[in-house]
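Here is the structure we will look at, set down as structure tokens.
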């Protein structure tokens, strides 16, 4: 198999682009896709301060590497989630990445600073772990960006993430979430600007980028996420993609081009009436925001071992499906 | 060839030569969901794996929602 660009030996074939690439031209392809995403959606401008939400996984480390390569002033932030060895290894990967490149990485530890961890939060609230995990991460990255005066938060959501969330939102007709499933979430009072520069790259591509760049990312999957609905949607989309390359891209980008604006009024309406949390000041629909309620409920509890929390299973009261990210 | 699979980790030995595409088919793995790494280098679907190769099949799907 030869590189589509230079005819040298290819190391990866991308059927959705009907192309094969050698290492040099694959890395260039990835950079081009990120530049195009940033430009097409007006994500950010050179000179702006960027806070990258870093997990230690392939997407966030690839994103940080790409943004630095492209000349952005990008710092990272990693949150210690307390998910046993998985969290320790993930944070270690992020720290090593930053140290090797001389980049600034901000660290927050849920247990150390807020008195809880994700397994304990899941056990106490009897909710799926991804619920308290996602909410905690969103709250803390928003707070860090606003407190630190960053212009924009960049997250590592890739094409597979967005297509899977879109599938979930369509299957359950979560019209409010459909209205804000955009590559850019504009800055609003209490919320920083958020962008997803990897939306044009599939996760097979971000993983390959890391391998070719020598980025030592956390390969193991989160033990709390095993079997969750998001993974099932991804597996279903991969089946379709294998038979019909390019389907995921068309599904997501045609949604943006032809349908997303139809749902924006619902998303906008849901944002009305937000008031500052009486505890922390973050925007909320009630008196106290979900994060502060969680801290109040689970902070200081004895840690629940990861092994005692069943991953990916809904427990207790049902919640809305397929929250947009 | 010696094949290492991840998440969960498994190891198996298979006779070569065999193409990457055939290996994935034999293991019933979707090529959209994995990378195949020989030594420390990525290999495409038509690469032929030899009897003595060390091969990692690395899943690329991650399931957390930020």
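The values are calculated or read from the model by the stated rules, or taken from the named source; none is laboratory data. Note that the coordinates shown come from a computational prediction; the quantities given were computed from them, not determined experimentally. Positions of Cβ are generated from backbone atoms using ideal geometry, with glycine treated the same way; all protein chains shown enter the neighbour counts.
Remarks
- Residue among A:209, A:252, A:217 that alone is buried (at least 18 other Cβ atoms within 10 Å of the Cβ) and closer than 23 Å to residue A:81 by Cα: A:217
- Leading residue by the ranking (surrounded by the most Cβ atoms within 10 Å (Cβ to Cβ)) among those in segment A:50-74 that are in a strand (DSSP E or B) and touching a helix residue (DSSP H, G or I) at 6+ places or on another chain (Cβ under 8 Å): A:54
- Positions within segment B:28-40 being surrounded by 14 or more Cβ atoms within 10 Å (Cβ to Cβ) and not in a strand (DSSP E or B), in sequence order: B:29, B:30, B:31, B:32, B:33
- From the list B:20, B:3, B:55, B:60, the one residue that fits, being away from chain A (no Cβ under 14 Å) and surrounded by 13 or more Cβ atoms within 10 Å (Cβ to Cβ), is B:3.
- Number of residues in segment A:37-49 that are loosely packed, with under 13 Cβ neighbours inside 10 Å and either at pLDDT 95 or above or at positive phi (or both) equals 3.
- Flag if residue A:223 is at pLDDT 95 or above and in contact with a helix residue (DSSP H, G or I) (Cβ under 7 Å, 6 or more places away or on another chain): no
- Applying the criterion of being under 14 Å from residue A:80 (Cα atoms) and at the interface with another protein chain (Cβ under 10 Å from one of its Cβ atoms) to the residues of segment A:119-134, the residue that is surrounded by the most Cβ atoms within 10 Å (Cβ to Cβ) is A:133.
- Residue within segment A:257-273 that is surrounded by 14 or more Cβ atoms within 10 Å (Cβ to Cβ) and either over 30 Å from residue A:234 (Cβ atoms) or without any contact (Cβ under 8 Å) to a residue 24 or more places away in the chain (or both) present: no
- Close pairs from segment A:230-254: first within 7 Å of chain B (Cβ to nearest Cβ) and within 14 Å of residue A:171 (Cβ to Cβ), partner surrounded by 14 or more Cβ atoms within 10 Å (Cβ to Cβ) and at pLDDT 95 or above, Cβ under 6 Å, at least 6 apart: A:230/A:164; A:234/A:160; A:234/A:164
- Of the residues making up segment B:41-50, those that are farther than 22 Å from residue A:25 by Cβ and either surrounded by fewer than 19 Cβ atoms within 10 Å (Cβ to Cβ) or within 7 Å of another protein chain (Cβ to nearest Cβ) (or both) number 2.
- Of all residues in segment A:190-216, those that are in a loop (DSSP other than H, G, I, E, B), out of contact with any strand residue (DSSP E or B) (no Cβ under 9 Å at 6 or more places or on another chain) and within 10 Å of another protein chain (Cβ to nearest Cβ) total 1.
- Exactly one residue out of A:85, A:160, A:147 is in a helix (DSSP H, G or I) and buried (at least 23 other Cβ atoms within 10 Å of the Cβ), and it is A:160.
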